[in-house]
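To start, the structure itself, in structure tokens.
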Amino acid sequence: MSPEQVRARLVARVGELPAVRPRVLIDGWGVTDPAALATDLISPLRAAGRPAVLVRADDFLRPASVRWEFGRDDPDALLDLALDSGALIREVLDPWEAGADYLPALWDAAQDRSARRRREPVPDDGVLLLAGELLLGRWLPVDLSVHLALRPDMLARRLPAGQQWLLPADARYREEADPESAADVVVRVDHAERPGWVTER
């Protein structure tokens, strides 16, 4: 398929969801750029009358003192400590479902301080696009989950030398979360210009 066909099918799938304000999770390693796919969905969703909002999981990381407690390149800490899943549920996912004000960002990881963002209203008929890494298997309440899949050898090829320590985290994520089975939609992006629509539930 082409990237444009993938986007069109995802927009159509969102339109079929029964939720009034659907929450869509897009999961993938940073080299697959899940936030870019989410961003590409915003305009067609809005054209279909569904105001869409992107929330980045990276804006809900824990402070550096917590996520780097065992070093900056510890794969287990990345999986177990880095993301504040509870804050994502409490500040974004649950309020979005209820139509209450949500918090678009909690923590500025680059500056290691509060993001200092105000709560924002959930738009009527709005679509939440939550994008980030290692999001499946965390019991995040969403209405549609999409996984951008890479074979381990392709991930190793695309990761820079300084990020090869992510490979053990990927192996553990595959074993414990099994993202290609857990996701509602799996899009294989070994070749980004020729993605493959692998699974749809």
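Here are the numbers for the structure shown:
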quantity: Within region 39-70, tally of residues that are touching a residue at least 40 places away in the same chain (Cβ under 8 Å), out of contact with any strand residue (DSSP E or B) (no Cβ under 7 Å at 6 or more places or on another chain) and of a type in the set (A, V, I, L, M, F, W, C); calculated: 1
quantity: Restricting region 166-201 to residues that are modelled with pLDDT under 95 and basic (Lys, Arg), the residue that is farthest from LEU83 (Cα to Cα); calculated: ARG194
quantity: In region 118-173, the residues that are farther than 30 Å from ARG21 by Cβ and either in a loop (DSSP other than H, G, I, E, B) or without any contact (Cβ under 8 Å) to a residue 12 or more places away in the chain (or both); calculated: LEU150, ARG151, ASP153, ALA156, ARG157, LEU159, PRO160, ALA161, GLY162, GLN163, GLN164, TRP165
quantity: Subset of region 169-185 that is charged (D, E, K, R) and touching a strand residue (DSSP E or B) at 6+ places or on another chain (Cβ under 6 Å) - its residue that is surrounded by the fewest Cβ atoms within 10 Å (Cβ to Cβ); calculated: GLU180
quantity: Candidates PRO104, PRO95, filtered to the one that is touching a residue at least 12 places away in the same chain (Cβ under 8 Å) and either within 17 Å of ARG7 (Cβ to Cβ) or out of contact with any helix residue (DSSP H, G or I) (no Cβ under 9 Å at 6 or more places or on another chain) (or both); calculated: PRO95
quantity: Candidates ASP27, ASP58, ASP74, ASP40, filtered to the one that is in contact with a His (Cβ under 7 Å, 6 or more places away or on another chain) and within 24 Å of ARG158 (Cα to Cα); calculated: ASP27
quantity: Top-ranked residue of region 74-117 - restricted to ones that are modelled with pLDDT of 95 or more and among the hydroxyl-bearing types (Ser, Thr, Tyr), ranked as surrounded by the fewest Cβ atoms within 10 Å (Cβ to Cβ); calculated: SER85
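The values are calculated or read from the model by the stated rules, or taken from the named source; none is laboratory data. Just so it is clear, the structure is predicted and the values come from calculations on it, not from any experiment. Here Cβ is always computed from backbone atoms with ideal geometry, including for glycine, and neighbour counts include all displayed protein chains.
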